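Undergrad: Here it is, the structure in full.
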Amino acid sequence: IGKNNTTRKFPLHTSEDNITVEFYPEGGTLLTNNLQRILYRATDPFGEPIDISGNVYDQFKNQAGIGKIIKKGYGLINLMPMPNQKYYFTIADEYGKDLEFEVPQAQIDGSCFSLVKTEDSTLRVSIVTTGKYVGDKLTLAAIAGGKILMTNEIDGSKKNNMKISTSLLPYGIINFAIFSSEGKILSERMVYNTPYQDINIDIETKLKPSEKNGEVEITVDLNKFVERFGKS
């Protein structure tokens, strides 16, 4: 009562809520006959992120994938879509249970750029091409700051597994894009690049004698590390 009142607004979830689920296939394009990752984002009627898990079914109600939560509001699906099939994501949690959302239609013609694994000094990528672009001359380009930093010719007739050194590209956001011979963008993938570089850290050791084998006390000077990466 009086000046000590506290007011707080919070969403009240009900079974009638209009939940929204959006899908983002890796590389921007979902290809048929290709195992691919699909990121999904779930929000409540207020636009706030919510944790949603569920299953993916085709139009014949056969289960084709599972959606697992990876962080607040986001989940991941691994799916290999078949030609001429439609897929639906069905919520399994109590909040929004059994609500269905159609997964983007898979394409027969296209190319997909996937980041297989990120290492300290290497980006390991995979490129799959299907349909009419298999015999096309494709180009992989790395773009940052409006400039093309790197280009590679891609053989669309086979799966391409490549390693790209992070030191070849600048620090920050890099946009990888696959172009057809006609200049059409078939796939895109943004990567936050951290180039591999040696860090100069001064290490000073001090020896303290003891009665038996001796004792070593090591002091590490992290000033240069903190200057570059900040405190942690």
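Undergrad: Under 17 Å from the Cα of K97, which lysines turn up, not counting those fewer than eight places away in the same chain?
TA: K61, K68
Undergrad: Considering amide H positions built from the backbone, and no H for Pro or chain starts, which residues 5 or more places from F113, or on another chain, come under 5 Å of its amide H?
TA: Placed amide hydrogens put E188 under 5 Å from F113.
Undergrad: Here's a follow-up. Taking θ as phi - 60°, what are the ³J(HN,Hα) couplings along the stretch 11-22 by the Karplus curve (6.51, -1.76, 1.60), each to the nearest whole Hz, with x for Gly and Pro?
TA: Using θ = phi - 60°, the values come out as x, 9, 6, 10, 6, 9, 5, 8, 6, 10, 10, 10 Hz.
Undergrad: From the cross-link list K9/K71; K86/K159; K9/K231; K71/K224; K159/K184; K86/K132, which pairs have alpha carbons spaced over 28 Å apart?
TA: Over 28 Å Cα-Cα: K9/K231; K71/K224.
Undergrad: If you take the beta carbon distance between V220 and S165 as r and set R0 to 25 Å, what does 1/(1 + (r/R0)^6) give as a FRET efficiency, to the nearest 0.05?
TA: 0.30
Undergrad: Can you list residues from other chains, or at least 5 along the same chain, whose modelled amide H is less than 5 Å from the amide H of L149?
TA: Correct list: A142, I143, A144.
Undergrad: R0 = 45 Å: FRET efficiency of T6 with K97, Cβ-based, nearest 0.05?
TA: 0.85
Undergrad: S53's amide H: which non-local residues (gap 5+, or another chain) put their own amide H closer than 5 Å, with H modeled 1.01 Å from N in plane and none for Pro or chain starts?
TA: Amide H neighbours of S53: A92, D93.
Undergrad: Leaving out ligands, DNA and RNA but keeping every protein chain, what accessible area does R37 have, in Å² rounded to the nearest 10, with a 1.4 Å probe?
TA: The value for R37 is about 80 Å².
The values are calculated or read from the model by the stated rules, or taken from the named source; none is laboratory data. What you are looking at is a predicted structure, and each value in this text was computed from that prediction instead of being measured. Virtual Cβ from ideal backbone geometry, glycine too; neighbours counted across all protein chains shown. The area values use the complete protein model at the heavy-atom level, side chains included, leaving out ligands, DNA and RNA. Shrake-Rupley method; radii C 1.70, N 1.55, O 1.52, S 1.80 Å.
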